[in-house]
Amino acid sequence: MNELSKQQKDNLRLQAESILNSVYSTAGESVFQLVDVDFKEDSIDFVLYLLNDTTFKVTVSYNRKIDKEYQPIFKEFYEEKIEHE
């Protein structure tokens, strides 16, 4: 992996946040909690739990390929989001 500049990493983190915001708006931000993210060949799966009396799991697939070189930055961003929720 080529070394990315701080600006490139910051830009990728903004892209990661934009994708996550899209997922939340689709799933219902006030009701769901992000618990896991799985990078697949042509998509990213976001695993969310509904927080109420009976918890259930929902997986939202974002059908966009993310370059393998950039996945570690996206993964780090999402892990931070999972830890702080």
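Note on segment 45-76: residues that are in contact with an Asp or Glu (Cβ under 7 Å, 6 or more places away or on another chain) and either of a type in the set (Gly, Ala, Ser) or under 26 Å from residue 5 (Cβ atoms) (or both) amount to 2.
Looking at this structure, is residue 16 surrounded by 12 or more Cβ atoms within 10 Å (Cβ to Cβ) and modelled with pLDDT under 80?
So residue 16 does not fit the description; no.
Just a yes or no: is a residue in segment 68-75 part of a strand (DSSP E or B) and either touching a strand residue (DSSP E or B) at 6+ places or on another chain (Cβ under 8 Å) or modelled with pLDDT of 90 or more (or both)? Checked segment 68-75: no residue is part of a strand (DSSP E or B) and either touching a strand residue (DSSP E or B) at 6+ places or on another chain (Cβ under 8 Å) or modelled with pLDDT of 90 or more (or both). For segment 60-74, a residue qualifies if it is open to solvent by 100 Å² or more (accessible area, probe 1.4 Å) and closer than 23 Å to residue 32 by Cα, and the qualifying residues are 63, 64.
When the residues of segment 35-57 are filtered to those that are surrounded by 14 or more Cβ atoms within 10 Å (Cβ to Cβ) and of a type in the set (A, V, I, L, M), the one that is farthest from residue 20 (Cα to Cα) is 50.
The values are calculated or read from the model by the stated rules, or taken from the named source; none is laboratory data. Computed from a prediction, not measured in an experiment: that's the story for all the values here. All Cβ positions, even for glycine, are placed from backbone atoms using ideal geometry, and neighbour counts span all protein chains on display. With ligands, DNA and RNA removed, areas are computed over all heavy atoms of the protein, side chains included. Shrake-Rupley method; radii C 1.70, N 1.55, O 1.52, S 1.80 Å.
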